[in-house]
Structures are given as structure tokens and as C-alpha cells.
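Worksheet: the structure to be examined is printed underneath.
The values are calculated or read from the model by the stated rules, or taken from the named source; none is laboratory data. Remember, it's a predicted structure, so these values are computed and weren't measured experimentally. Virtual Cβ from ideal backbone geometry, glycine too; neighbours counted across all protein chains shown. Remember, those area values only see protein heavy atoms, side chains included, never the ligands or the DNA or RNA. Shrake-Rupley method; radii C 1.70, N 1.55, O 1.52, S 1.80 Å.
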Amino acid sequence: MSSGMTMIPKPPHRALEQEQFLKILSREEALARFETALFPRAIPSERRKLVDALGAALAEDITAPIDVPPFDRSNVDGFAVRSSDISAAGEGAPVNLVLNGETIRCGIAPTLQVATGTATPIATGGPLPRGADAVVMVEHTQPSGSDAIEVRRAVSPGQFVSYAGSDIARGEALLRAGTIIGSREIGMLAACGVAEVKVARKPRVAVISTGDELVQPGGALAPAAIYDTNGAIVAAAIDENGGEAVFLGAIPDDEAKLEAAMRGALKDADMLVLSGGTSKGAGDLSHRIIGRLGQPGIIAHGVALKPGKPLCLAVCDGKPVVILPGFPTSAMFTFHDMIVPALRQMAGLPPRSDAKVSATVPVRIASELGRAEFVMVSLVEGRDGLIAYPSGKGSGAITSFAQADGFLRIDALADQMPAGTEAEVTLFTPHVRVPDLVIVGSHCTGLDLVTARLAHAGLTVRSIAVGSLGGLAAAKRGECDLAPIHLFDDKSETYNTPYLAEGLELVPGWRRMQGIVFRKGDKRFEGRGAKEAIAFALADRDCIMVNRNQGAGTRILIDRLLAGARPDGYWNQPRSHNAVATAVAQNRADWGMTIAPVAHAVGLGFIPLAEEHYDFALVTARKPRSAVQAFLAALGTDEARAALERAGFRPS
Ligand code: AMP
Ligand code: MG
């Protein structure tokens with residue numbers, strides 16, 4: 001701090017910033033206001049051909065226009081008869097019937113009457129001729145000359161006959177408005193000869209991303225740019241919920257351009273969804289534009305949700321206009337929680353029925369008081385039921401969504417969810433997908449090389465990165481099969497074994513060379529040994545380090561090297577080997593400690609220090625499970641060992 005304090009210029013839109021979230025509404029209040037402003041409303045409908053109606057909501061009650069079947073129909077191949085003719089037939093008392101001179105196949109209308117003492121050959125699906133009241137199966141008859149049969153079994157009236165209208169009766173209510181048309185409904189409509197139905201027209205939802213930093217997938221990423229994630233996920237979520245998304249691309253933070261885009265979008269669309277620009281920094285414009293687009297305008301700006309506080313809900317001349325938060329996870333949560341109910345209602349669809357399960361939370365989850373908080377979780381099977389591991393990586397993360405099984409909600413009035421809480425988890429999928437193999441602990445890119453073989457064999461592997469100590473705790477509680485750990489014990493100067501508890505056994509994994517990383521050419525480090533390099537680093541007050549989080553095996557090494565020193569950067573404590581390498585590569589720090597494969601992948605200089613043992617604490621009780629056996633087998637294959645070596649690891 002001593003060298004050169006720079007004056008930070010005043011931000012240009014001070015007044016704008018002070019508007020920030022003047023009135024934060026609770027989630028329930030915001031939902032209620034949005035709903036009141038939008039409903040009731042007429043749902044526009046359109047006629048659609050049956051083939052195009054799949055998934056649509058029926059907009060009319062449908063009454064059966066005909067009987068199905070339309071005539072009395074034979075269910076078997078056989079002979080149409082008068083049941084009274086053969087009521088006395090039996091094995092010892094065959095009855096002779098004379099055949100009429102026609103055969104009734106499907107699609108052939110009968111012309112001859114079945115008179116007493118006669119029978120007419122009839123195929124499955126053929127219309128019953130006048131006079132007949134039952135069908136005798138061909139298997140229960142014998143030819144008797146060329147134009148008669150012998151029947152040795154009695155039939156009751158109506159046997160093997162489906163009467164007209166017995167399936168669907170003319171005038172019967174066939175389908176009700178609001179029914180979602182699936183293949184079964186299409187079948188019923190087709191059977192009645194209905195070729196077109198009136199269905200709710202899909203609401204057209206225009207989607208706009210905002211931000212100077214956004215590049216569409218497929219384009220080249222300039223420095224400090226990011227790919228537009230929200231555009232794709234919001235459009236997909238709209239289609240998933242009965243809307244028709246019209247993606248209009250990313251618009252830069254330019255008031256005139258954005259206003260033109262929003263006005264253009266609202267001309268054709270029933271609804272407009274924007275994302276980004278809601279945190280009301282200098283570049284945040286959309287909410288100001290909304291005020292000019294129609295009445296009543298903004299009805300909620302700022303909702304007590306986490307993630308998702310900057311959500312903005314508006315209605316402009318009857319059309320919902322929504323600004324989702326910029327961070328993809330926040331955008332997704334707020335869209336599903338706050339917008340999907342309105343969208344489905346506009347699409348004539350019933351509310352979504354999400355599957356829910358109950359699961360125990362193994363760790364305490366801190367939560368902000370005053371905001372309803374959604375926490376994504378991964379489910380694993382514990383000793384007594386499901387365990388829900390929080391898997392969120394912050395509201396900016398997108399992978400949390402893909403890897404999580406569902407989410408739980410922490411009430412706005414709670415400041416935490418204590419460990420051991422039995423929580424209700426809303427699933428992202430219709431059923432719980434319990435993985436075959438559960439790995440909880442420290443993550444390593446080498447692990448993917450081993451588990452790839454299992455994935456190819458059709459086994460699902462769930463790997464939850466919580467660090468070595470977190471993994472060990474999970475293994476002791478029996479919540480995982482394997483806990484990858486790399487824990488150095490100061491006293492015995494050995495790795496991992498001293499940390500094992502009863503019920504756990506060590507499976508040797510591989511060695512990872514840890515060392516100091518620096519940018520190539522940095523004279524403070526280049527060509528020096530570790531101790532010497534650290535001495536140089538500590539002597540230079542401009543030299544910034546990057547540390548590791550408490551509990552990481554690497555952190556123990558760093559603290560030993562530093563011997564109590566706290567150089568600048570000590571409190572920068574990222575949680576992964578990759579983050580350390582990136583910080584040094586991007587010049588945010590000058591040195592840190594990471595593993596050789598990661599250092600080399602980023603092109604950094606590397607001073608080897610100590611080999612770290614990356615092993616697995618195996619829960620002995622779960623050893624017989626076939627997925628565990630498959631993992632152990634995969635670990636031992638030449639193929640996996642060679643892949644590990646190629647990546648810079650040394651298999652044990
Ligand atoms: P904003 O509300 O515009 O300040 O955005 C908040 C954060 O979300 C910033 O880090 C943006 O870069 C990010 N963000 C905004 N829009 C998108 C998008 N469409 N895709 C991915 N990230 C976004
Ligand atoms: Mg922005």
C-alpha cells in the first residue's frame with residue numbers, strides 16, 4: 001500500500017446507484033404482485049393439426065363425434081352365429097351350422113343375414129352381420145364338408161363381440177380443456193377421426209442478453225469477455241415450459257440500442273426476458289428503459305432471494321417484461337422459481353409438479369438472514385437414507401446446475417441450516433439418481449483418467465470436491481465409497497495413513513510432485529532451490545504470493561516453508577491447484593504452490609519440492625460393492641497407469 005496510492009475517479013452514475021433496491025420485496029409478495037398484474041387473462045388459442053399438437057394444452061372440451069368402434073365388431077377369427085343355435089353344443093353333442101356365402105374381412109360390410117342354423121366366416125375386426133349375436137372361435141369348430149361347420153362348444157350372447165360405442169360413446173366427454181396432449185390423447189382423437197384441435201397458442205417469448213462482455217458460443221473469446229450463457233439456458237427453459245423462445249442475441253450496454261431492441265421484441269412477442277444489467281452499476285439500463293415501455297411498468301425490483309436479489313419484474317401494457325440477474329445460476333433459479341409459473345399459466349399448462357425427497361444435510365450451511373436461499377445439492381446414499389451435499393459454487397457457477405440433483409430452500413428467517421437437518425429436496429429430475437460410485441474428498445484431474453473407464457462401462461460416478469478433510473469426515477460417516485486424500489502428518493512425516501480411522505483402509509493412488517510455481521524468467525525463482533527462492537520472495541516486499549485454503553495438504557507445506565512469515569498475498573487462499581496456477585500466470589501473484597501437471601499445463605516455471613501422496617480412504621464396509629471393485633480394477637490397469645504417467649502423475 002505504501003507505494004503510489006492512486007485516486008479512484010468517482011463513478012459516473014452516482015444517482016443511479018442510489019436507486020439501488022429501494023424496496024426489496026419478499027419472494028411471496030413479488031410473486032403475488034406479478035400474478036395480480038398478469039391474471040386473469042385470455043389464453044390465445046390456435047387450431048393445430050393432430051400431428052403438430054403433441055405437448056400442447058387443449059383449449060376446448062372435446063366431445064366424441066362418433067361411436068368407437070363404429071359397429072359391433074368381432075374380436076377373434078371365427079364364425080358369426082346365433083348363440084341360441086349352439087346353446088346345447090358340447091364335446092358329445094356337436095351342432096352343425098351351414099355356412100353363408102360370404103366371408104367378412106376387415107373393411108367388408110356384410111350383405112347376408114345369419115339365419116337360424118347358419119354361420120358366416122368372420123375375421124378379427126369384421127362387422128357383425130345382421131342376425132348374429134356372438135362369434136365362435138375358429139379353434140372351437142371343425143369343417144363339416146365344404147359348406148358347413150361342426151361346433152362343439154356353446155357361446156353366450158355377445159361372446160367375442162365389442163359393441164358399437166363400447167370404447168368411446170358418441171357424445172361422451174373425450175378430453176377436457178387444459179389436458180396436455182400426449183401420444184395417448186392423440187390416439188383417442190385419431191380413433192374418433194378428429195384431425196385438428198384447438199390448443200393454447202405457445203406464448204412467444206423474446207430473449208435478450210445484455211452486456212458488453214458477451215460473446216455468442218462459437219465466437220472467439222477476447223480478453224475479459226465471456227460466453228453468453230443465459231441466452232441459451234433461458235431459451236431452453238422457455239421451450240421446456242410451453243413457450244416458444246425467440247432469441248435475439250446479446251445487446252451491448254448502450255441505452256439507445258437496448259431500447260430499440262426491447263421495443264422491437266415487444267412488437268411481436270407476448271413476453272420479454274432479459275438478463276444482466278440488474279445490479280444497477282453504471283452500465284445498467286434495462287430497468288430505466290422499462291419505465292418508458294408501457295403501463296404499469298416495474299412492479300418488483302429487488303426480491304429477497306438468494307441467488308437472485310436483483311430480479312426485476314414488470315408488466316408493460318399487458319406483457320410481462322422480466323430482467324433476470326446476470327449470473328447464470330441466479331438467472332436459472334429466478335427464472336424457474338418466479339417466471340415459470342406465469343409462463344405456464346400463459347401457455348395454458350398446469351403448474352409443474354416437481355418430485356421431492358427428504359434428505360439429511362451432513363454439514364452446516366450458512367445462510368443470509370432475510371433472503372429465501374436456494375442451495376443446490378448432490379444426493380448420495382448414507383447409512384440411514386439420503387444425504388444432501390451442498391454443491392453450489394456460488395451464483396456465478398453453471399456447473400453446479402448440471403451436477404446437482406436438486407435444491408433445498410432455507411427460509412428467509414433462518415441464518416443457517418444446522419448439520420443433521422432433515423431437509424426437503426426438490427429434484428431436477430423425476431426420480432433420484434443414486435450414483436453407483438460416490439467419491440467425496442480432494443479432486444485431482446488424474447481421478448478423471450481412472451473413472452473414465454467406469455463411465456464407459458455404464459457406471460455412474462459422482463465425485464464431490466470438498467477437500468481431503470471433508471472427504472475423510474464423509475468416509476467416517478459412511479457417506480461415500482472412497483475419499484481421495486493428500487494429508488501430510490507432521491509428526492510421523494508420512495502421508496495419509498495416520499489419518500485413517502476404524503472402518504477405513506488405504507488404497508494407494510498416485511504421487512503428485514508439488515512445487516513452487518512462478519512465471520518463467522523471474523530471477524527471484526529461476527534456477528533456485530525452494531528454500532532459497534522463498535528467502536528471495538520474502539525479502540522482496542513487492543513480491544505477492546498466492547496461498548491455499550486451510551485443510552489443503554499443500555497448505556501445510558506452504559506454512560512449513562514460510563515458517564511463520566505472512567507475506568503479501570497470504571490471505572488469498574483459493575481452493576484448487578488450478579486457481580493457484582492461474583493467479584500466477586495472470587500476474588495477480590508472483591508465486592504459489594501447485595502440482596507439476598497443472599504448472600506445466602499453464603506454462604509456468606516449477607521448482608519441485610515434495611511428492612504428495614494422493615491416495616484413497618476406502619470405506620471397508622463398502623468394499624464388496626461391484627462399483628468399488630470396478631474402480632479398484634480400473635486403478636490397477638496398465639492403461640490407467642499409462643494415462644496417469646502421461647499426465648505427469650506417478651502411479652504408486
Ligand atoms: P450484470 O447484472 O449485468 O452486472 O451481470 C452480473 C454478472 O453476470 C456479470 O459477471 C456478467 O458478466 C454476468 N452475466 C451477465 N449476463 C450474462 C450472460 N448472458 N451469460 C453469462 N454471464 C452473464
Ligand atoms: Mg451486464
Answer from F518, F536, F525 - the residue that is under 21 Å from G648 (Cα atoms) and in the same structural domain as E645 (by TED's automatic domain parsing): F518
Being more than 16 Å from ligand 2 (Cβ to nearest atom), closer than 29 Å to E373 by Cβ and over 27 Å from the mean Cα position of the chain (by Cα) narrows it down to one of V315, V303, V321, so name that one. V315
Consider R433 carefully, then state whether it is among the charged types (D, E, K, R), surrounded by 12 or more Cβ atoms within 10 Å (Cβ to Cβ) and either within 20 Å of L482 (Cα to Cα) or modelled with pLDDT under 90 (or both). yes
Evaluate the stretch 419-432: report whether one residue or more is more than 25 Å from the chain's Cα centre (by Cα) and farther than 21 Å from A633 by Cα. yes
Report, by residue number, each residue of the stretch 225-259 that is β-branched (V, I, T), in a strand (DSSP E or B) and more than 16 Å from ligand 2 (Cβ to nearest atom). V246
Going through the stretch 41-77 in order, the residues found to be open to solvent by 40 Å² or more (accessible area, probe 1.4 Å), within 24 Å of I108 (Cα to Cα) and out of contact with any Lys or Arg (no Cβ under 6 Å at 6 or more places or on another chain) are P65, P70, F71, D72, R73, N75, D77
I'd like to check something: does the stretch 527-548 contain any residue that is under 24 Å from D489 (Cβ atoms), in contact (Cβ under 8 Å) with a residue 12 or more places away in the chain and part of a loop (DSSP other than H, G, I, E, B)? yes
Within the stretch 140-194, can you find the residues that are in contact with a Leu (Cβ under 8 Å, 6 or more places away or on another chain) and assigned to a loop (DSSP other than H, G, I, E, B)? D147, R176, A177, G178, T179, I181, G182, C192, V194
Of the candidates A630, A617, the one satisfying the condition of being of a type in the set (G, A, S), assigned to a strand (DSSP E or B) and either open to solvent by 40 Å² or more (accessible area, probe 1.4 Å) or within 25 Å of L500 (Cα to Cα) (or both) is A617
Of the conditions (1) within 11 Å of ligand 2 (Cβ to nearest atom); (2) touching a residue at least 40 places away in the same chain (Cβ under 8 Å); (3) among the charged types (D, E, K, R); (4) open to solvent by 70 Å² or more (accessible area, probe 1.4 Å), the single one that K202 does not satisfy is (1)
Give all pairs with beta carbons closer than 7 Å in which a residue from the stretch 318-331 that is under 12 Å from I299 (Cα atoms) and open to solvent by 10 Å² or more (accessible area, probe 1.4 Å) meets a residue that is part of a helix (DSSP H, G or I) and near ligand 1 (Cβ under 8 Å from one of its atoms); count only pairs at least 6 apart in sequence or on separate chains. none
Within the stretch 285-300, identify whether any single residue is under 30 Å from Q403 (Cβ atoms), at pLDDT below 95 and within 16 Å of ligand 1 (Cβ to nearest atom), and answer yes or no. no
Can you name every residue in the stretch 301-317 that is crowded, with 23+ Cβ neighbours inside 10 Å, outside any strand (DSSP E or B) and at pLDDT 90 or above? L311
Out of all the residues in the stretch 260-270, which are under 30 Å from G348 (Cα atoms) and away from ligand 2 (no atom under 16 Å from the Cβ)? R263, G264, A265, L266, K267, D268, A269, D270
Extreme residue, farthest from the chain's Cα centre (by Cα), among residues of the stretch 536-556 that are open to solvent by less than 60 Å² (accessible area, probe 1.4 Å) and farther than 18 Å from V584 by Cα: I556
Conditions (1) more than 23 Å from D559 (Cβ to Cβ); (2) without any contact (Cβ under 8 Å) to a residue 24 or more places away in the chain; (3) assigned to a loop (DSSP other than H, G, I, E, B): number failed by A455: (3)
Output the number of the condition that G297 fails; it satisfies all remaining conditions of (1) buried (at least 22 other Cβ atoms within 10 Å of the Cβ); (2) in contact with a helix residue (DSSP H, G or I) (Cβ under 7 Å, 6 or more places away or on another chain); (3) of a type outside the set (K, R); (4) not in a loop (DSSP other than H, G, I, E, B). (1)
Within the stretch 206-226, can you find the residues that are under 23 Å from the mean Cα position of the chain (by Cα), within 14 Å of ligand 1 (Cβ to nearest atom) and under 24 Å from V340 (Cα atoms)? V207, I208, S209
Determine the pairs where a residue that is acidic (D, E), located within the stretch 152-170, has a partner that is surrounded by 16 or more Cβ atoms within 10 Å (Cβ to Cβ) and not in a loop (DSSP other than H, G, I, E, B) with Cβ atoms under 8 Å apart, the partner being 6 or more residues away or on another chain. D167/V68; D167/A191
